[in-house]
1. Output the qualifying pairs, or none if there are none: Cβ atoms under 6 angstrom, residues six or more apart or on different chains, first residue in the range A:115-138 and more than 13 Å from every other protein chain (Cβ to nearest Cβ), second residue among the hydrophobic types (A, V, I, L, M, F, W, C).
2. May I ask you to verify whether A:Ile172 is surrounded by fewer than 19 Cβ atoms within 10 Å (Cβ to Cβ) and within 25 Å of A:Arg296 (Cα to Cα)?
3. Might you let me know whether the range A:423-433 holds any residue that is touching a strand residue (DSSP E or B) at 6+ places or on another chain (Cβ under 9 Å) and at pLDDT below 85?
4. Would you confirm, using the coordinates I've provided, whether A:Asp115 is in the same structural domain as A:Asn55 (by the TED database) and either buried (at least 19 other Cβ atoms within 10 Å of the Cβ) or not in a helix (DSSP H, G or I) (or both)?
5. Could you please give the count of residues in the range A:586-607 that are surrounded by fewer than 18 Cβ atoms within 10 Å (Cβ to Cβ) and farther than 20 Å from A:Cys510 by Cα?
6. Being touching a residue at least 12 places away in the same chain (Cβ under 8 Å), in a loop (DSSP other than H, G, I, E, B) and over 21 Å from A:Gln658 (Cβ atoms) is true for just one of A:Lys389, A:Lys405, A:Lys435. Which residue is that?
7. In this structure, is A:Ser205 without any contact (Cβ under 8 Å) to a residue 60 or more places away in the chain, surrounded by fewer than 20 Cβ atoms within 10 Å (Cβ to Cβ) and over 30 Å from A:Met308 (Cα atoms)?
8. Closer than 30 Å to A:Glu662 by Cβ and either loosely packed, with under 15 Cβ neighbours inside 10 Å or without any contact (Cβ under 8 Å) to a residue 24 or more places away in the chain (or both): does that describe A:Arg374?
Amino acid sequence: MSAPKKRNFHIEAFKHKVVVDPRYADKTWKVLEHAINEIYNHNASGLSFEELYRNAYNMVLHKFGDKLYSGLVGTLTMHLKEIAKLIEAAQGGLFLEELDRKWADHNKALRMIRDILMYMDRTYIPNTHKTPVHELGLNLWRDHIIHSSEIQTRLLTMLLELVQRERTGEVINRGLMRNVIKMLMELGLSVYQEEFEKHFIEVSSNFYSLESQQFIECCDCGDYLKKAERRLNEEMERVSHYLIDRTETKITNVVENEMISNHMQRLIHMENSGLVSMLVDDKYEDLGRMYSLFHRVPDGLSSIRDVMTSHLRETGKQLVMDPERLKDPVDFVQRLLDKKDKYDNIISLAFNNDKTFQNALNSSFEHFINLNSRSPEFISLFVDDKLRKGLKGVSEEDVEVILDKVMMLFRYLQEKDVFEKYYKQHLAKRLLSGKSISEDVERSMIVKLKTECGYQFTSKLEGMFTDMKTSQDTVQEFYANQAAETADSPTLAIQVLTTGSWPTQPSTPCNLPTEILEVCEKFRTYYLGKHTGRRLTWQTNMGTADLKATFGKGQKHELNVSTYQMCILMLFNNADCLTYKEIEQATEIPASDLKRCLQSLACVKGKNVLRKEPMGKDIGEEDAFFFNDKFTSKFYKVKIGTVAAQKETEPENQETRQKVEEDRKPQIEAAIVRIMKSRRVLDHNNLVAEVTKQLQSRFMPNPVLIKKRIESLIEREFLERDKEDRKLYRYLA
Amino acid sequence: MKKEDTVKLISAEGFEFVIDKNAAMVSQTIRNMLTSPGSFSETQHGVVRFPEISTPILEKICQYFYWSLQFASGKETEFYIEPELTLELMMAANYLHT
């Protein structure tokens with residue numbers, strides 16, 4: 001304000017009317033009261049906002065705020081009482097509509113009043129800490145209308161009745177419901193809860209408890225779940241349409257509780273339609289529904305999981321222990337694979353790939369596969385069967401898929417070293433008889449085993465492959481070198497096997513025919529000339545031979561036989577008839593093997609190149625054998641006596657088991673020494689725990705066994721016991 | 001200026017000031033008046049009488065409305081108030097909640 005001109009100005013008195021008139025306040029109030037009445041009578045159009053606003057303004061300004069406020073309260077109360085009477089008078093269905101309409105009116109009027117009394121709201125009310133106009137209006141509404149006893153009960157009953165009708169399938173006026181509920185919310189959350197929500201939840205809970213009782217008596221599990229799901233969706237939809245969001249969790253809890261939690265066990269165990277039958281029949285949709293519904297309640301999923309686990313273990317155990325099944329190992333494993341596939345499907349399709357279920361599945365499988373101690377052998381036989389013929393004509397990806405599935409079963413085995421032993425045996429037989437369908441597939445399997453168990457597991461297996469390759473090269477060189485000398489001897493295909501890699505077989509005596517012996521000796525000199533310091537032993541029990549035979553009517557056949565059988569047949573070049581004893585003497589083949597060979601040469605229909613007298617399956621000491629001139633066969637090449645892998649007989653099984661046990665001892669000892677070397681001092685329990693941890697990828701060591709090994713190591717002075725503490729061990733360098 | 005966009009403010013002496021609705025809405029009171037749900041006469045006719053505000057004050061107030069709209073758009077200018085008007089102007093401003 002930089003006015004240089006000094007003006008003589010003086011503050012003039014207000015041009016407003018100064019309050020002289022004592023009844024000024026009353027007069028002003030009368031005007032306002034009249035206005036409020038008009039508003040409530042829907043007569044507001046004639047009023048002038050400005051006039052009313054000015055009046056209110058003046059009252060407050062001149063300190064008549066109290067009168068204004070109390071007058072307001074009084075007028076509003078009076079009007080509301082009238083309105084309450086009107087609402088109460090409404091009949092039946094019209095009650096809610098009347099309430100809704102009056103509420104809308106009240107709101108509008110309240111807004112107008114608030115606008116007029118804006119000045120009071122701004123200045124008087126903060127000063128005196130009274131309720132602002134709008135809120136005042138709401139409170140008064142609540143007090144006189146909602147809390148008026150008759151209206152209160154009628155309101156609640158009507159609302160609940162409408163909900164009930166909708167639940168039984170009728171269509172109700174949702175808009176009206178929404179407005180009324182909104183009104184309750186605007187009056188305050190506690191009003192909503194007290195007047196409506198609390199009772200709503202209670203009534204709903206009773207309703208659903210009854211309904212669920214009814215349903216469970218008459219429906220089977222799948223139907224019941226469908227109904228429960230429907231009700232749940234219905235309630236959620238109801239909330240979204242005309243209730244408040246906060247109610248959603250409460251009502252869904254009610255439904256979940258009544259319909260699901262309370263009947264959970266009964267549903268799961270229901271005869272013929274409960275969880276177990278759903279699993280058996282692959283009812284993916286029902287299972288999926290059960291999963292999503294039970295997911296909502298505490299302990300729901302764990303109940304499902306428990307029942308599934310126990311069922312799986314039961315059926316798995318039956319499968320594994322069934323003596324019928326044990327007769328055919330390939331079928332046995334196939335069934336296991338099928339079972340795994342089935343449950344994998346169920347978990348991915350119905351249980352949403354839930355990890356906890358996957359874990360339950362894995363632990364159950366692990367449990368029952370290991371119940372049968374011959375599982376490792378069977379799995380190896382299964383792979384053997386597949387690699388011999390089962391995978392012929394199957395595409396590469398499918399092959400991978402099958403092998404991967406087998407690997408999954410392999411993982412469940414606790415005694416992986418047993419598997420290794422059998423696998424080696426079977427692989428050896430496959431390689432030596434040339435029966436594997438594809439080297440690529442074999443190698444692929446080895447790679448998988450390597451990824452799973454490490455290099456150690458597969459080093460010997462790979463050694464076997466290397467041997468085969470090297471042998472091929474060696475034989476080629478041999479024949480190249482000695483072409484002239486060996487031209488008219490029988491052709492030998494030789495495999496040189498490194499003893500460590502291949503399963504150990506005791507070498508059996510066998511007198512080879514002279515022609516063969518010559519070539520063998522030549523090869524031996526050749527080989528030992530190339531590699532000094534090695535020793536060669538002929539394994540006659542593992543070889544095969546192809547013989548050209550001419551029979552009585554001149555028909556020629558090529559016979560594919562084992563080495564033993566070849567020795568036997570060559571004898572008949574020089575004699576037409578031989579007794580068992582003579583054959584035994586000449587060939588020096590052990591009795592049991594000899595008997596088996598003779599059986600397959602003489603007693604098998606279609607392959608009887610020898611004739612036995614007397615006829616019959618069993619070989620006696622005095623039996624005589626004749627060369628069978630009358631032998632016929634459709635094929636030129638005849639295969640006799642396969643060397644395929646068979647399920648072991650009991651004694652063989654025992655033998656293998658023992659070997660495995662023997663092998664385990666050094667492994668345990670190695671682990672103990674390794675651990676003690678790094679720890680120096682360790683107590684018994686920890687040592688046992690560490691050893692178990694290290695070895696569990698191959699087999700589960702028995703703590704008693706570990707203790708024995710520890711004792712043995714102490715005797716051999718690798719370890720010593722601590723002088724004071726008997727449980728402590730010390731490493732001796 | 002269309003009729004719907006304007007509002008007429010009438011002073012105590014009867015002077016009529018026609019201004020934009022936007023400008024008038026600067027005053028909370030006038031805003032409430034015009035947007036109130038009830039069918040008051042003001043909203044219907046678009047006319048507001050102020051029998052207790054004199055003409056020069058009302059004139060200054062209208063100027064203030066426009067100045068304040070300008071100020072809102074960023075231009076910083078000083079709103080000059082003659083000292084004699086100050087008190088009454090403040091009273092009116094209080095009344096109009098501006």
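1. Once the first residue is more than 13 Å from every other protein chain (Cβ to nearest Cβ) and sits in the range A:115-138, its partners that are among the hydrophobic types (A, V, I, L, M, F, W, C) give A:Tyr124/A:Val60; A:Pro132/A:Ile125; A:Gly137/A:Leu110; A:Leu138/A:Leu187.
2. Against the criterion (surrounded by fewer than 19 Cβ atoms within 10 Å (Cβ to Cβ) and within 25 Å of A:Arg296 (Cα to Cα)), A:Ile172 does not qualify.
3. yes
4. For A:Asp115, the condition - in the same structural domain as A:Asn55 (by the TED database) and either buried (at least 19 other Cβ atoms within 10 Å of the Cβ) or not in a helix (DSSP H, G or I) (or both) - is met.
5. Total satisfying the criteria: 4.
6. A:Lys435
7. So A:Ser205 fits the description; yes.
8. No, not satisfied.
The values are calculated or read from the model by the stated rules, or taken from the named source; none is laboratory data. Quick caveat: nothing in here was measured; it's all calculated off a predicted structure. Ideal geometry is used to build each Cβ from the backbone, glycine not excepted, and the neighbour counts take in all protein chains shown.
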